[in-house]
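Take a look at the structure below.
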Amino acid sequence: MADTSIENAGLLVVDKDAGVTSHDVVSKCRKAFNTRRVGHAGTLDPMATGVLVIGVERATKLLGLLSLTTKSYTATIRLGQGTTTDDAEGEVLETVDASGVSDDQIAAVVAGLTGDIQQVPAKVSAIKVDGRRAHALVRTGAEFELESRPVTVHRFDILATRRDGGFVDLDVAVDCSSGTYIRSLARDLGAALGVGGHLTVLRRTAVGPFTLEHSRTMDDVTAAPGLSLGIDDAAKLCFPHREISDDDAESISQGRWLTPIGMKGIYTVVDPSGQAIALIQEKGRRASSVMVVRPATLR
């Protein structure tokens, strides 16, 4: 019987609901697609909603290779209150009247948090400390500090400002590098203004080339399982292309290598019919596959 896994392999872009973990989404997808071979790229906190990229069947191998370096969010930051988790799910550490903070003061600090910055991740992040996740250590009551890391905030725009008693709520849009924590931006903004701050709403609107326009809710996926992109289209969307002959396609699909042409990074080789054959990386005198998208048995 022919191997039909190529037809079932691909990426699913889920619009995650609030209150569920990324692992919860993976579990539901395993049931919907009736396979254990499901994974995700880029965890979303339970509080957050929006774009979560899921790999199904052989496309799980794509997840670690995807260059999902830019992410976009909309969020609401509350000034005047800091929490243990830097978001609304944590315990309140302090409440300070923020009504005297001006729009100009806020704009000045936001400008300082834009561009290439050093950021300390939230203690409830998935960063590993001595082999354990920081969020797991927090639950044990352990005392520890996380080191700052370089991140890039390409855009940090204030979309709306609402003043409610002693609080100032900011609706913001952020484009940033992978590894940037929006809750840390909220914390640092409030700290710099001397009033504390935390995140009350977070929605991821894009991960790399994948946006909410590509996405489906889990209710939709459960009712009618289906991929956002087959593995061929995913490989062609996410990586640069190199066109190759049928003979080269046959060669690479059987595990052999091609002659380099000077392309940097990982790229997709595409046969004359437009099918993605493999993901390739050039090293020395060889252009070898890092993942065969379409093995010889499926050609």
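The values are calculated or read from the model by the stated rules, or taken from the named source; none is laboratory data. Here the structure is a predicted model, which means the values were calculated and not measured. When we count neighbours, we look across all protein chains shown, and the Cβ atoms used for this are built from the backbone with ideal geometry, even at glycine.
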For region 7-43, name all the residues that are crowded, with 21+ Cβ neighbours inside 10 Å, touching a Ser or Thr at 6+ places or on another chain (Cβ under 6 Å) and assigned to a loop (DSSP other than H, G, I, E, B).
none
Answer from V174, V201 - the residue that is modelled with pLDDT of 95 or more and touching a Leu at 6+ places or on another chain (Cβ under 9 Å)
V174
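Yes/no per residue for (1) without any contact (Cβ under 8 Å) to a residue 60 or more places away in the chain; (2) touching an Asp or Glu at 6+ places or on another chain (Cβ under 9 Å):
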residue: A224; (1), (2): yes, no
residue: S228; (1), (2): no, no
residue: A249; (1), (2): yes, yes
residue: G255; (1), (2): yes, no
residue: Q275; (1), (2): yes, yes
residue: A278; (1), (2): yes, no
residue: G284; (1), (2): yes, no
Sort through S178, S184 and tell me the only one that's surrounded by fewer than 19 Cβ atoms within 10 Å (Cβ to Cβ) and in the same structural domain as S99 (by TED's automatic domain parsing).
S178
Only one of D232, D220, D271 is of a type in the set (D, E, K, R), closer than 17 Å to V53 by Cβ and surrounded by 19 or more Cβ atoms within 10 Å (Cβ to Cβ). Can you tell me which?
D232
Of the residues in region 37-78 that are of a type in the set (S, T, N, Q) and in contact with a strand residue (DSSP E or B) (Cβ under 9 Å, 6 or more places away or on another chain), the one that is farthest from T205 (Cα to Cα) is T60
Scanning region 178-237 for residues that are out of contact with any Ser or Thr (no Cβ under 8 Å at 6 or more places or on another chain) and in a loop (DSSP other than H, G, I, E, B) gives G179, G194, V195, P209, T217, A224, P225, G226, L227
Considering every residue within region 145-152, establish whether at least one is modelled with pLDDT of 95 or more and surrounded by fewer than 18 Cβ atoms within 10 Å (Cβ to Cβ).
yes
So, in region 71-115, how many residues would count as being touching a residue at least 60 places away in the same chain (Cβ under 8 Å) and part of a helix (DSSP H, G or I)?
5
Only one of (1) touching a His at 6+ places or on another chain (Cβ under 8 Å); (2) on the phi > 0 side of the Ramachandran plot does not apply to S228, and that is (2)
For region 50-70, what are the residues that are crowded, with 21+ Cβ neighbours inside 10 Å, part of a strand (DSSP E or B) and on the phi < 0 side of the Ramachandran plot?
V51, L52, V53, I54, G55, V56
